[in-house]
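Let me begin by presenting the structure, written as structure tokens, before commenting on it.
The values are calculated or read from the model by the stated rules, or taken from the named source; none is laboratory data. Since we're looking at a predicted model, the values are computed, not measured. Here the Cβ positions follow ideal geometry from the backbone for every residue, glycine too, while neighbour counts run over all protein chains shown. These accessible areas exclude ligands, DNA and RNA; they are computed on the full protein's heavy atoms, side chains included. Shrake-Rupley method; radii C 1.70, N 1.55, O 1.52, S 1.80 Å.
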Amino acid sequence: MANQVISGIKETAQAITGAARPWGDFLDLSAFSFPSSFADATTRVTQNLTHFRINYSIILSSLLALTLITRPIAVLAFFAVGLSWYFLYFAREEPLTIFGFTVDDGVVAVLLFGLSIASLVSTGVWLRALTTVGFGVLILILHAALRGTEDLVTDDLESPYGPMLSTAGGGNDGARGDYSGI
């Protein structure tokens with residue numbers, strides 16, 4: 001049982017780190033420039049948050065872990081909360097059933113989120129964690145706004161505008177005629 005748990009956590013960690021974009025691309029100094037307009041900045045933020053979402057998540061998680069490491073009780077509490085999230089939300093293949101009742105995933109997520117907040121408050125690190133996450137989000141948005149998107153290789157499905165792009169040039173649905181003879 002313990003070996004299965006450890007191998008499952010290891011596989012999940014490898015899948016997450018494998019989905020991260022190369023750190024060389026993320027930190028490529030030649031790709032940084034000031035956006036030409038506010039619209040350009042918002043487009044960059046949207047595209048970079050989509051493209052580097054795993055990298056940003058790893059950075060925020062690491063910052064939060066560094067913040068919590070100064071309080072051993074907080075580390076233990078969040079280890080327990082992390083295991084709860086893993087077993088009750090991420091590692092399940094079947095719906096959660098308690099006393100014969102099936103519990104919706106949304107309810108499980110809300111309860112686990114409440115458990116996370118309660119752990120923050122009860123261990124006394126909520127303000128420190130909130131400040132760290134706020135600072136981290138500010139730095140990540142600054143990175144996303146300053147990093148150009150011209151060199152990113154993405155497909156339409158990964159783009160935040162993917163659904164619009166996939167139908168904009170779509171097939172012949174009768175709405176557009178053939179104007180080649182005009």
* Structure fact -> Across the stretch 90-138, the tally of residues that are of a type outside the set (Asp, Glu), open to solvent by 80 Å² or more (accessible area, probe 1.4 Å) and part of a loop (DSSP other than H, G, I, E, B) stands at 2
* Asked: Out of the stretch 19-49, which residues are among the small types (Gly, Ala, Ser), at pLDDT 85 or above and not in a helix (DSSP H, G or I)?
  -> Ser33, Ser36, Ser37
* Looking at the stretch 53-89, which of its residues are under 19 Å from the mean Cα position of the chain (by Cα) and exposed (fewer than 11 other Cβ atoms within 10 Å of the Cβ)? -> Leu66
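Give the stretch 63-82 a look and list any residue that's in a helix (DSSP H, G or I) and among the β-branched types (Val, Ile, Thr), or say none.
Across the stretch 63-82, the qualifying residues are Thr67, Ile73, Val75, Val81.
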